[in-house]
Amino acid sequence: MSLLILFGVFALGLLIGIPVAITLGVSSAAYLLYQGIPIVVMPQKMFAGIDSFVLLCIPGFILAGNLMNGGGITERIIRFANAGVGWMRGGLGLTNVAGSMLFGGISGTAVADAASLGGVLIPGMRKSGYPADFSAAVTAASSTVGPIIPPSVPMIIVGALSGISVGKMFLAGAVPGILMGLAMMVTTYIISVRRNFPRQPWQGFGELFRSFLGAFWAIFMTLLIVGGLMSGLATPTETAVVACIYALIVGRLVYRELPLGKVPKLIIDSAIASAAILALVGFANVFGWILVSERIPQTIAAAVLGITDNKYLVILLINILLLIVGMFMETIAALIILFVPLLTLAQSVGIDPLHFATFAVLNLMIGLTTPPVGVCLFICANIARLPLAPIVKAIIPYIITNILVLLAVSYFPPLATWLPSVLMD
């Protein structure tokens, strides 16, 4: 009965549109009250969930991304991407994906990518003759590359949950992220040729070089982050602080588009975004603690192993489960609740933890573009001023493409494990 109350309240909260963090907290509180457990356990478990040095990366990387974006980075990245691929058929669509790959190395979150690049590219694509639904769909789909290419907020969460090195997690996402971006560029090109979307004139190598110089300092931030982690000179949290200082210097002194008066607002916005994530982490930790105390992880593992202990079938079942969960639950909440139980299951059939963590995050990123809780879909629909239905229809080819990349990463572990093993072992 207690589990029925827990899951019933949780499901009801999601159905009526209550934010996921609040739903997790209310359902956990209902369980504790029914069981007669003192409610004081709740703040204790919440604090335990966020009392992690690694999680300090999150406000650091969010602030660094906001400082770079506030300093004019979005326009420079779009200009560089457009100079490189804008001359091809469907050039602005390709620019959209390429821009997301570059921007993903700065923001670490899909929502920031969708909002920042979408605010510029969706209106721009519509003015250039692209359908509104396609413009929104390609923006939403490409934004999911952000949390795969380092830095990545979801991978920081995974590192805090599992003890896997955050540096290794970042590197593990690099190849899948690039592969995902390239696959979406191919999809964009095929759609553009079939539908005869416009192309822009080739702007010459001079413009390509000038735009690269303009975007260089932004792109170098990714190298700074990864280099600091690989060298062992800084922890992930220290790297995030260095990235903030670097972003402030570049925005203020190099690009000269970041007025000091704007910095306090960016800090406040970053604090609000970080607080929302950490509140979600805290509530999800209470929910996860309840699941562990009820031996749900062991039940899930036993149920799956009762069906099969074949490694490849287990990977398939995990992927199906996470794809379904990603349709209904926010990424970070899903990771905190399900990652440890599924990691136990994965290890029991011989799946490398780093490999599992990579395709688990990739799985849930796809969920950001699937209804009914696809956050990036809603952001892009709002920017394009369209209902959700036409965008969902337009994004289906990208979802299929990303699932194919997911299967490749799932069944060919070196795509995730090779780079960390070469650079950090």
Self-check item: Projected area averaged over orientations for region 94-224, convex hull of C-alpha atoms, nm²
Solution: 8.5
Quiz item: So, with a 1.4 angstrom probe, what is the percent of accessible area on the chain that is carbon and sulfur?
Solution: 71
Self-check item: Value of Rg/Rh across region 49-158 [Cα atoms, Kirkwood radius]
Solution: 1.03
Self-check item: the chain - Debye-derived log10 I(q)/I(0), Cα point model, q = 0.10 Å⁻¹
Solution: -0.68
Quiz item: Among ALA360, ALA11, MET88, whose Cα lies farthest out toward the positive end of the dipole of the chain, if unit charges sit on the beta carbon of Lys, Arg (+1) and Asp, Glu (-1)?
Solution: MET88
Quiz prompt | Around ARG89: net Lys/Arg minus Asp/Glu count, Cβ-Cβ under 12 Å | solution = +3
Quiz item: When only alpha-carbon atoms count, how far does region 247-345 stretch along each of its three principal axes, as whole angstroms with the largest first?
Solution: 61, 29, 21
Practice problem: Sticking with the crude label model, points 7 Å out along Cα→Cβ, report the distance from ILE249 to ASN196 in nm, one decimal please. | Solution: 5.3
Practice problem: Can you tell me what the convex hull of the Cα atoms of region 95-160 projects to on average, as an area in nm²? | Solution: 3.9
Self-check item: Backbone HN-Hα couplings from phi across region 241-254 [Karplus 6.51/-1.76/1.60, Hz, Gly and Pro as x]
Solution: 5, 4, 4, 5, 4, 4, 4, 5, 5, 5, x, 8, 9, 8
Quiz item: Looking at region 313-420 from every direction and averaging, what is the projected area of its Cα convex hull in nm²?
Solution: 7.1
Practice problem: Return the ratio Rg/(2.2 N^0.38 Å) for region 126-186, where Rg is computed over Cα atoms only. | Solution: 1.42
Quiz item: With each label point set 7 Å from Cα along the Cα-Cβ vector, what nm distance links ILE403 and GLU257?
Solution: 3.9
Quiz item: What spacing in nm lies between the two simple spin-label points modelled at PHE412 and LEU313, each 7 Å away from Cα in the Cβ direction?
Solution: 2.5
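Quick one: longest stretch of the chain between exposed loop trypsin sites (Lys or Arg not before Pro), exposed meaning at most 12 other C-beta atoms within 10 Å and loop per DSSP? Each step should come with its number before you reach the end.
Numbers: sites that count: ARG256, ARG295, ARG385.
Free of exposed loop sites, the longest segment is 1-255.
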Quiz item: Separation of region 250-315 and region 373-425 by C-alpha centroid, Å?
Solution: 17
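The values are calculated or read from the model by the stated rules, or taken from the named source; none is laboratory data. Note that the coordinates shown come from a computational prediction; the quantities given were computed from them, not determined experimentally. With ideal geometry, Cβ positions are generated from the backbone for all residues, glycine too; neighbour counts draw on all protein chains shown. Protein only, heavy atoms only, side chains kept; ligands, DNA and RNA dropped before computing areas. Shrake-Rupley method; radii C 1.70, N 1.55, O 1.52, S 1.80 Å.
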